[in-house]
Amino acid sequence: KRQAIHRREEFESSVDSVDPAGWPTNETTTKALTIAAGESLQTLFVLRQTRHKYNAMFTGQPVLEFSLDAVWHTAGDEVDYFELEAEIIETGTEVDLTRFIEALQTRWGFPLESRSKFERAYIANFGK
């Protein structure tokens, strides 16, 4: 069975430049400075998305947050693809996520995507 579950650390922060020295002091900035190791950061590509969020419920309580995303990672205004993404929330479990994925596949034939948005954008912009 093909897996489409991506696990990663997520760091988010609003910034106005590619220079982390001017970013707010937080975990995102610390991580970026560590990764950059004194080198300048550059924009590889721009990945934009419009996200519509919803909760998946099980026995009357929310267990997953899922979103329907329109994603752009190449030049132009045409959407590159649409994606459904789900995340386990505090009241959910791996079992809830597995049930959700299986329902999407068996009831509606949703295909699984094994590559992250970043991986797909990187390949689209730079090749394999």
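The values are calculated or read from the model by the stated rules, or taken from the named source; none is laboratory data. Predicted model, so just to flag it, every value in this text is computed and none were measured. Neighbour counts are summed over all protein chains in view; Cβ atoms, including those assigned to glycine, are modelled from backbone coordinates with ideal geometry. These area figures cover heavy atoms from the full protein model, side chains too; ligands, DNA and RNA do not enter into them. Shrake-Rupley method; radii C 1.70, N 1.55, O 1.52, S 1.80 Å.
Given a 1.4 Å probe and every protein chain left where it sits, what share in percent of the accessible area of the chain is carbon and sulfur?
Carbon and sulfur atoms account for 52 percent of the accessible area of the chain.
Roughly speaking, what is the stretch gain from T91 to T74, that is 0.36 nm per residue apart minus the C-alpha to C-alpha distance, in nm to one decimal?
Here the segment from T91 to T74 would lengthen by 2.5 nm.
Starting from 0 in steps of 5 Å, tell me what percent of the Cα-Cα pairs of segment 44-128 lands in each bin.
Values per bin, smallest distances first: 3, 13, 20, 21, 16, 13, 9, 4, 1, 0.
Say R0 is 25 Å: what FRET efficiency, to the nearest 0.05, do S40 and K128 get from their beta-carbon distance?
Working from the Cβ atoms, E equals 0.45.
Taking all protein chains together and a probe of 1.4 Å, list H6, H73, H52 from the most accessible to the least accessible.
If we order H6, H73, H52 from most to least accessible, we get H52, H6, H73.
Put a dot 7 Å past each Cα toward the Cβ at R51 and D19; how far apart are the dots in nm?
In this crude label model, D19 to R51 measures out at 2.9 nm.
Any idea of the accessible area per residue across the chain, 1.4 Å probe, to the nearest Å²?
75 Å²
Under a point spin-label approximation (7 Å from Cα along Cα-to-Cβ), what is the T98-S67 distance to one decimal in nm?
About 2.6 nm, to one decimal.
Between T59 and S114, what's the calculated FRET efficiency when r is the beta-carbon distance and R0 is 25 Å? Round to 0.05.
0.25
Please count, across the chain, the pairs of lysine residues with Cα atoms under 23 Å apart that sit 8 or more places apart or on different chains.
Total qualifying Lys-Lys pairs in the chain comes to 4.
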